Amino acid sequence: MKPTPARLKYFLVYALLGTSWVLGSFSVSVGWAHTADSSTQLLLLSLAVFVLVSGLYWFVVTQRQSQQQSQQQIDAQVSLERLKLALDSAQEALWDWSLNKQQEVFFSTTYCANLGYSQAEFGTNQQAWQSRLIPEERERIYRHVMRFIAEGDGNYDSTYRMLHKDNSPRWIRSRGRLIKNAQGQPVRFIGIAQDITKQRGAEERLKQANAVFECTHEGVLISDNTNTIVHINPAFSHITGYSADEVIGQKPSMFKSGRHTPEFYKSLWTTLEATNEWSGEIWNRRKNGEVLPQYQTIRLIRDENGFISHNVAVFSDISILKDSQSELNYLSLYDPLTGLANRPHLYERLKKALQAAIDLHKNSTLFLIDLDHFKNINESLGHSVGDQLLQKVALRITKKINKSCTLARIGGDEFVLISETATSPIEAAMMAQKVIKACKEPFVLDNNELFISASVGICLFPRAGDTVEEIMRNADSALSKAKASGRDTFAFYSSELTELALQRIRIASELRHALETEGLQVYYQPVYALDTLQLVGCEALVRWNHPERGLLTPNEFIPIAEENGLISLVDEWVLQHACQQMRQWLDAGTQLQGIAVNLSSRSLSNPALATTVASALLKANIAPQFLELEVTESTIMEDPENADQLLNELRLLGVQLAIDDFGTGYSSLARLKSLPVHKLKIDQSFVRNLPSNTDDKAIVRAIIALGTSLGLKIQAEGIETEEQLQFLQQQNCTLGQGYWFGRPVPAEAFTQLPSASATDQENPA
Ligand code: C2E
Ligand code: MG
Ligand code: MG
């Protein structure tokens with residue numbers, strides 16, 4: 001044991017004082033004692049004092065030393081506690097490895113507790129530590145530590161995993177120092193260890209989140225509390241086409257598609273602020289302008305005070321989904337082979353068409369079209385050719401119908417057509433014929449010509465069916481009739497209609513032929529001034545010289561011509577012939593003031609009417625005032641705006657305008673006042689019973705009074721008797737026509753009329 005300076009000091013003091021005392025006592029006892037006994041007594045006394053004093057000295061010194069020692073121990077304990085507290089509060093655990101033979105290691109309580117052990121359980125050697133390393137890493141970590149001890153200089157810092165008592169892995173960060181002796185031999189390895197599992201977990205999560213952020217296929221946009229974009233991920237750029245530089249610092253509103261109302265965004269923000277989250281479909285726009293449907297989840301991130309710090313929007317591009325949705329919608333409504341409506345879609349359309357027909361008090365038509373012997377084509381040429389043929393048939397029929405029609409394919413070779421413009425049997429029959437004709441033309445498939453025909457079942461609704469099921473059923477039985485009557489034809493649900501329609505179709509085609517071959521003829525009925533009874537004009541009335549049925553009056557063919565649009569050609573034909581005739585009469589010096597030509601409602605809806613009239617006048621070289629155009633009251637009322645426009649155009653041409661069959665329509669006074677016409681023609685139904693029928697008398701009087709007050713000429717039709725004439729004369733009706741004056745006759749006969757060339761005429765009757 002090495003003497004400490006304090007101990008040496010106490011020893012020297014003791015040795016000096018003791019020696020001095022012993023020597024002093026001896027000399028005093030020798031010098032002062034008179035006898036040997038007294039000298040011995042004196043020496044014994046001095047020794048007793050020496051023992052007493054040195055004992056006292058020893059007591060004081062040891063007492064002092066022990067006081068000092070316990071103070072040091074207290075200080076050391078305090079320091080130790082302080083260190084322990086510091087380490088604990090820093091969650092640092094201590095280890096201290098003595099690199100002597102025993103290889104003892106001190107593991108602090110925190111160290112052991114971090115791994116779920118008490119110090120006693122944990123152990124005090126390096127095996128205690130080594131055995132708690134994760135087995136797979138044990139060897140590697142141990143070697144690393146041993147290498148550091150062997151070669152290391154400076155600080156040790158290593159992170160590894162150990163097993164907790166409950167077998168869960170814990171991340172431990174261990175930092176320490178190697179302490180070496182004077183010879184440079186490592187004697188001690190001491191350091192602290194920290195359980196960084198939580199921190200490491202957060203880091204790992206952050207790393208994972210970052211990987212997700214970078215790699216996810218979902219677009220992510222982060223904006224701050226001012227809703228300024230601060231971060232986007234690569235998927236965002238990929239989906240929207242915007243790079244980070246283009247969007248960071250901007251507002252998310254730059255992606256707006258304009259498809260949502262301000263209310264939509266308002267409700268989005270309300271939900272977001274109330275629940276911190278919103279998700280739903282939103283339509284934005286890509287950089288290239290394309291609309292981008294997204295499924296978006298927006299989450300608000302709030303700070304510790306509850307204020308919004310960031311918004312995170314995560315979205316997926318659902319345009320493919322939308323596309324497939326619309327494809328699904330498409331497939332649920334359309335036939336994939338032909339692109340036509342399928343059965344459910346057809347039923348929907350039929351329902352609507354039926355309701356519209358009921359509401360408008362008119363008929364519409366449903367056609368059930370079936371290809372004749374289509375099965376043979378499938379069987380002989382294969383289904384692929386069959387499919388191609390069906391596609392071509394669909395295309396051909398589509399070309400023949402107008403856009404308002406619905407064409408559907410409801411089965412193998414069964415098509416259905418709904419037409420809301422085919423309102424009568426004749427129109428329906430003509431449409432069916434068009435379809436049949438279209439199918440009859442040869443189809444070229446794979447360089448082969450294929451011939452096919454179609455049968456059509458027709459059902460007018462609501463006339464022959466007022467439910468979807470009934471219409472389909474009746475069309476089906478009509479189709480069976482068409483098939484039974486040899487196919488390649490149409491049939492109505494009721495056989496009379498089939499007959500009627502066929503007849504009208506025949507008439508229509510004959511009429512077309514008559515128009516081309518001058519089979520029509522114009523008759524002229526004289527018009528007289530009732531006061532002077534002078535012939536002042538005539539009305540051109542069409543006739544048809546039918547090769548088999550003889551002379552046909554307009555009532556027998558005009559309605560058919562109106563149904564199939566031929567009427568415009570008839571009107572134009574009559575107009576031209578009448579104008580030419582007027583030219584001849586004028587050239588012949590007749591005093592006729594004008595010639596009247598009837599116009600159908602179809603002609604009045606033709607925007608080129610004024611041009612047609614002008615060219616007829618020009619061609620015949622007659623002044624416009626010689627021509628009077630008659631339009632029925634019902635025609636004017638059918639489409640008032642259009643009628644007004646065309647009548648004004650005609651008036652501007654300088655021709656005379658008359659309202660035919662006046663009294664049978666529903667024109668109001670106000671309407672009448674605004675019409676640009678010159679004449680009213682009292683319908684013959686009011687003249688027929690004059691003067692006996694008081695109602696008719698009143699009506700005729702009223703029409704005359706009304707017309708006169710509006711400055712219009714009044715002409716009575718159908719004057720057959722003198723009484724009728726007289727009554728009309730009394731009422732100051734200015735003009736008249738009727739069998740009493742003369743029937744409609746061909747031009748030659750009209751020219752023979754005694755008054756046709758004379759100025760002072762007699763009563764022709
Ligand atoms: P509307 O224009 O009112 O012509 C008068 C009709 O009354 C003519 O019949 C004429 O023959 C008939 N009529 C004349 N006087 C008498 C009479 O005293 N008693 C009787 N019972 N009837 C008389 P029509 O020629 O058969 O013409 C019938 C209708 O056909 C015409 O009625 C007119 O609306 C229409 N129409 C005639 N020609 C044409 C034409 O070229 N184009 C057009 N769109 N319609 C025409
Ligand atoms: Mg007329
Ligand atoms: Mg008339």
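Structure values in brief
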{"quantity": "One residue from Thr611, Thr590 being out of contact with any helix residue (DSSP H, G or I) (no Cβ under 7 Å at 6 or more places or on another chain), away from ligand 2 (no atom under 16 Å from the Cβ) and closer than 18 Å to Pro746 by Cα", "calculated": "Thr590"}
{"quantity": "Number of positions in the range 109-129 that are closer than 13 Å to Ile172 by Cβ and either touching a Leu at 6+ places or on another chain (Cβ under 9 Å) or polar (S, T, N, Q) (or both)", "calculated": "4"}
{"quantity": "Meets criteria (closer than 22 Å to Pro676 by Cβ and away from ligand 2 (no atom under 16 Å from the Cβ)) for Ala643", "calculated": "yes"}
{"quantity": "Scan of the range 723-757 for residues that are surrounded by 20 or more Cβ atoms within 10 Å (Cβ to Cβ), near ligand 1 (Cβ under 10 Å from one of its atoms) and either more than 23 Å from Leu657 (Cβ to Cβ) or of a type outside the set (Phe, Trp, Tyr) (or both), ordered by number", "calculated": "Gln724, Gly736, Gln737, Gly738, Gly742, Pro744"}
{"quantity": "Candidate set from the range 481-506 (those that are in a helix (DSSP H, G or I) and among the hydroxyl-bearing types (Ser, Thr, Tyr)); member that is modelled with the lowest pLDDT", "calculated": "Ser495"}
{"quantity": "Residue check for Leu690: within 16 Å of ligand 2 (Cβ to nearest atom) and not polar (S, T, N, Q)", "calculated": "no"}
{"quantity": "The range 704-722 residues that are under 13 Å from Ala658 (Cα atoms), paired with ones that are within 16 Å of ligand 3 (Cβ to nearest atom) and polar (S, T, N, Q) (beta carbon under 7 Å, 6 or more apart)", "calculated": "Gln715/Gln737; Glu717/Gln684; Glu717/Gln737"}
{"quantity": "In the range 358-388, the residues that are of a type in the set (A, V, I, L, M, F, W, C) and under 24 Å from Met472 (Cα atoms)", "calculated": "Ile358, Leu360, Leu366, Phe367, Leu368, Ile369, Leu371, Phe374"}
{"quantity": "The one condition in (1) assigned to a loop (DSSP other than H, G, I, E, B); (2) touching a Leu at 6+ places or on another chain (Cβ under 9 Å); (3) modelled with pLDDT of 90 or more; (4) not charged (D, E, K, R) that Ile298 fails to fulfil", "calculated": "(1)"}
{"quantity": "Selection count where residues are outside any helix (DSSP H, G or I) and exposed (fewer than 10 other Cβ atoms within 10 Å of the Cβ), scope the range 5-53", "calculated": "2"}
{"quantity": "Selection within the range 630-664 - within 53 Å of the chain's Cα centre (by Cα) and within 13 Å of ligand 1 (Cβ to nearest atom)", "calculated": "Glu630, Val631, Thr632, Glu633, Ser634, Thr635, Ile659, Thr664"}
{"quantity": "Failed item in (1) buried (at least 17 other Cβ atoms within 10 Å of the Cβ); (2) in the same structural domain as Phe741 (by TED's automatic domain parsing); (3) away from ligand 2 (no atom under 16 Å from the Cβ), with Ala514 passing the rest", "calculated": "(2)"}
{"quantity": "Matching residues, the range 544-561, being within 16 Å of ligand 3 (Cβ to nearest atom) and surrounded by fewer than 20 Cβ atoms within 10 Å (Cβ to Cβ)", "calculated": "Thr553, Pro554, Asn555, Pro559"}
{"quantity": "Which listed residue, of Leu575, Leu566, is of a type in the set (A, V, I, L, M), under 25 Å from Ala614 (Cα atoms) and touching a Lys or Arg at 6+ places or on another chain (Cβ under 8 Å)", "calculated": "Leu566"}
{"quantity": "Check on Asn642, over 21 Å from Val527 (Cβ atoms), at pLDDT below 95 and not basic (Lys, Arg)", "calculated": "yes"}
{"quantity": "Tally, over the range 645-673, of residues that are of a type in the set (Val, Ile, Thr) and either more than 16 Å from ligand 3 (Cβ to nearest atom) or modelled with pLDDT under 90 (or both)", "calculated": "2"}
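The rows are residues; the columns are (1) assigned by TED's automatic domain parsing to the domain that holds Pro746; (2) within 15 Å of ligand 1 (Cβ to nearest atom); (3) under 50 Å from the mean Cα position of the chain (by Cα).
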position	(1), (2), (3)
Val536	yes, no, no
Gly550	no, yes, no
Thr553	no, yes, no
Leu575	yes, yes, no
Trp585	yes, no, no
Ala588	yes, no, no
Ile595	yes, yes, no
Ser601	yes, yes, yes
Thr611	yes, no, yes
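The values are calculated or read from the model by the stated rules, or taken from the named source; none is laboratory data. These numbers were taken from a predicted model, which means no experiment stands behind them. All Cβ positions, even for glycine, are placed from backbone atoms using ideal geometry, and neighbour counts span all protein chains on display.
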